[in-house]
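K.L.:
One structure, as structure tokens, below. Some questions next.
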Amino acid sequence: MAVAKPSYYRNTWLWNLGFSAYWFATSYKWFILLLVVVPAQVKAIVPEGEKNSAWGTVYALGALWGTLGPALFGGWSDRFDSKWGHRQPFIFWGAVISVGALLFMMNAATLPLLIVGYFLLQLGEDVGQGPYAAMMPEIVPEEHAGMASSVMNLLQSLARLVAGLAYAVWQTVPATYIAVAVVQILGAGTTLATVKNVRRSKPVSEIPRSSFWARWLAPWKSPDFRWVWITRFLSTLAFAMVSNYLLFYLTDMFRSYKVFGYDLKTPEVAVTALALFMSVLGVVGAGIASRLADSWGRKPLVYLGGFVIFAVLVPFALARNLDVIFLLAVPFGIGFGIYVSADWALATDVLPDRDEAGTQMGVWSMSMSSVQIFVGAAGPLVDWGNRFGHGFGYIGVIWTAGLIFVVSTALIKNVRASS
């Protein structure tokens with residue numbers, strides 16, 4: 001099995017932080033846009049009773065390309081070469097397309113324009129994400145995968161924290177889009193500087209030629225890969241079912257936005273403060289996991305985090321007081337930080353063929369992007385359930401998410417190639 005030269009990897013916090021900077025930018029972007037900014041834009045465009053359905057439509061249609069995009073561009077990068085490297089140009093152009101899409105979305109005044117902009121943003125994500133994801137199994141030695149994965153997820157949590165703080169300061173759509181674009185450029189630039197000397201471990205001529213579909217289907221033949229993909233899909237689906245409708249949940253089901261005596265005034269500020277709080281706790285959880293990932297193994301961390309998340313979501317759906325919501329956010333944030341810490345390590349543990357890392361990590365990335373179709377489809381169901389009163393639509397989607405977390409956690413036991 002061919003791997004990149006060991007000298008490319010540096011087992012230091014600084015190197016791992018530089019390598020993970022692109023992941024920081026990606027997390028920053030999707031967190032603040034999906035949690036607050038784009039739902040707020042939708043709410044301002046459509047009639048009140050249709051906001052969940054309209055937001056679900058934007059979310060689902062924009063993700064259609066994401067079902068194949070990461071694997072397509074990842075596979076292309078497996079067989080690509082240039083003086084800048086074989087993955088690096090994709091990361092660069094993915095960032096360029098994303099910045100263009102952000103500026104387009106910033107000025108979108110109608111639902112169709114917002115859908116087009118979101119689709120372009122997803123395209124930029126797919127151009128860079130598949131090749132980027134392939135760099136971890138290509139560069140990072142297996143014995144350090146737990147450390148690298150934990151640093152990536154630590155930066156993911158930090159990105160949420162910084163994004164929430166930035167929005168709390170500016171609280172305007174244009175300023176937020178510009179901030180996201182700047183972070184996208186800085187994140188991609190930092191990662192590209194870190195991996196500027198990375199080159200493929202074998203010539204393109206030595207890589208077997210095969211069709212995209214043959215390469216796309218190949219990893220599915222591995223039972224371990226299938227189980228990791230399914231569990232990642234389910235956990236991402238569950239988290240998105242809660243986070244993507246959280247703003248509307250606070251808007252419709254809460255009459256006061258006071259937290260321990262402090263008035264947050266609006267649901268947008270409340271959801272941002274909640275996200276900030278959980279992000280801090282997610283950093284704590286990811287920090288704990290970074291210390292334990294390689295000694296405990298991946299599975300125990302997933303079991304612990306998944307159980308905590310499920311236990312929190314049941315009362316979360318019934319709470320009508322922000323004090324209670326913030327108290328429940330403590331175990332949820334720590335549990336989720338622990339839960340996601342093992343994701344990348346699990347994926348690289350079970351990768352069937354590292355010569356096809358771009359395609360196969362692209363297929364794995366699809367487990368995150370494809371959930372948007374299903375989460376988007378839940379929007380009309382939330383609106384329908386809410387017509388019965390008492391927030392039944394929101395209760396249903398949150399409890400369903402909790403059950404999905406339980407199933408995802410239980411299925412991890414089927415992964416044989418990772419501890």
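Readers should treat all values here as calculations from the given coordinates under stated rules, not as data from a laboratory. Keep in mind that this is a model prediction, so the values were computed, not measured. Here Cβ is always computed from backbone atoms with ideal geometry, including for glycine, and neighbour counts include all displayed protein chains.
K.L.:
Skipping prolines and chain starts, which residues have an amide H placed within reach, meaning under 5 Å, of the one on Arg200, given they are 5 or more residues away or on another chain?
P.N.:
Residues meeting the criterion, in which the H sits 1.01 Å from N, are His86.
K.L.:
For Ala44 and Arg416 in one chain, what is 0.36 nm times their gap in residues minus the Cα-Cα distance, to one decimal in nm?
P.N.:
129.1 nm
K.L.:
Calculate the length of the line joining the C-alpha centroid of segment 149-194 to that of segment 40-107, in whole Å.
P.N.:
Answer, in whole Å: 16.
K.L.:
Can you give the FRET efficiency to the nearest 0.05 for Trp93 and Trp220, using r as the Cβ-Cβ distance and R₀ = 35 Å? Intermediate values should be presented prior to the final figure.
P.N.:
Values: r = 28 Å, r/R0 = 0.80.
So, using R0 = 35 Å, E works out to roughly 0.80.
K.L.:
Got a sec? Charge dipole of the chain, +1 on Cβ for Lys and Arg, -1 for Asp and Glu; which of Val37, Gly393, Gln122 is way out at the positive end?
P.N.:
Looking along the dipole axis, the top candidate is Gln122.
K.L.:
For the chain, take the longest principal axis of its alpha carbons; what is the angle in degrees between that and the long axis of helix 88-106, to the nearest 10 within 0 to 90?
P.N.:
Orientation of helix 88-106: about 20 degrees from the principal axis.
K.L.:
Before rounding to the nearest 500, sum -39500 (n - 2.57) across all DSSP H runs of length at least 4 in the chain and divide by the residue total; then give [θ] at 222 nm in deg cm²/dmol. Before the final figure, lay out each step's value.
P.N.:
Working: 19 runs with 305 residues, N = 419.
So the helix-based figure for the chain works out to -24000 deg cm²/dmol.
K.L.:
Can you give me the relative contact order of the chain as a percent, contacts being Cα pairs under 8 Å and 6 or more apart? The partial results should precede the final answer.
P.N.:
Numbers: 750 pairs, mean separation 128.2, N = 419.
Relative contact order here is 31 percent.
K.L.:
Still on this structure, please answer the following. At most 14 other Cβ atoms within 10 Å and a DSSP loop assignment: could you name the trypsin sites (Lys or Arg not before Pro) in segment 55-141 that fit?
P.N.:
On the way: sites: Arg79, Lys83, Arg87; in loops: Arg79, Lys83, Arg87.
Taking segment 55-141 and a limit of 14 other Cβ atoms within 10 Å, the loop trypsin sites (Lys or Arg not before Pro) found are Lys83.
K.L.:
Continuing with the same structure: Which FRET efficiency value, to the nearest 0.05, is calculated for Ile178 and Thr110 with the Förster distance at 30 angstrom and r the Cβ-Cβ distance? Don't skip to the answer; put the middle values down first.
P.N.:
On the way: r = 21 Å, r/R0 = 0.70.
Efficiency, rounded to the nearest 0.05: 0.90.
K.L.:
Note down the magnitude of the dipole of the chain about its Cα centre, charges +1 on Lys and Arg C-beta and -1 on Asp and Glu C-beta and zero elsewhere, to the nearest 20 debye. Could you put the intermediate results ahead of the total?
P.N.:
Numbers: 29 positive and 22 negative charges, 79 e Å.
In total the dipole reaches around 380 debye.
K.L.:
Next up: Among (i) 22.6, 70; (ii) 20.4, 67; (iii) 21.2, 62, find the value of Rg and Dmax of the Cα atoms in Å that was calculated from the structure presented, and write down its label.
P.N.:
Calculated Rg and Dmax of the Cα atoms in Å: the matching label is (ii).
K.L.:
Can you give me the angle between helix 145-170 and the longest principal axis of the chain, using Cα atoms only, in degrees from 0 to 90, rounded to the nearest 10?
P.N.:
The answer is roughly 40 degrees.
K.L.:
Follow-up. Taking 7 Å along the Cα-to-C-beta vector as the label spot, tell me the Arg387-Leu64 distance in nanometres, rounded to one decimal.
P.N.:
It works out to 2.5 nm between the two label points.
K.L.:
How would you rank 393-405, 150-162, highest first, on the average number of other Cβ atoms within 10 Å across their residues?
P.N.:
Working: 393-405: 20.7, 150-162: 24.9.
Result, highest mean Cβ count within 10 Å first: 150-162, 393-405.
K.L.:
Starting from the Cα of Leu103, step 7 Å along the direction of its Cβ; do the same at Leu165; then give the gap between the two resulting points in nm.
P.N.:
Each label point is offset 7 Å from its Cα along the Cβ direction, giving 2.8 nm.
K.L.:
Can I ask one more? Taking +1 at the Cβ of each Lys and Arg and -1 at the Cβ of each Asp and Glu, which of Leu234, Ile412, Leu111 sits farthest along the dipole of the chain towards its positive end, judged by Cα position relative to the Cα centre?
P.N.:
Ile412
K.L.:
Thr266 versus Arg320, label points 7 Å from Cα toward the beta carbon: distance in nm?
P.N.:
My value for the distance between the label points is 2.5 nm.
K.L.:
Can you sort Leu247, Leu120 so the residue with the fewest Cβ neighbours within 10 Å comes first? Intermediate results must be reported in sequence, preceding the final value.
P.N.:
Values: Leu247 27, Leu120 19.
With the sparsest Cβ surroundings first, the list reads Leu120, Leu247.
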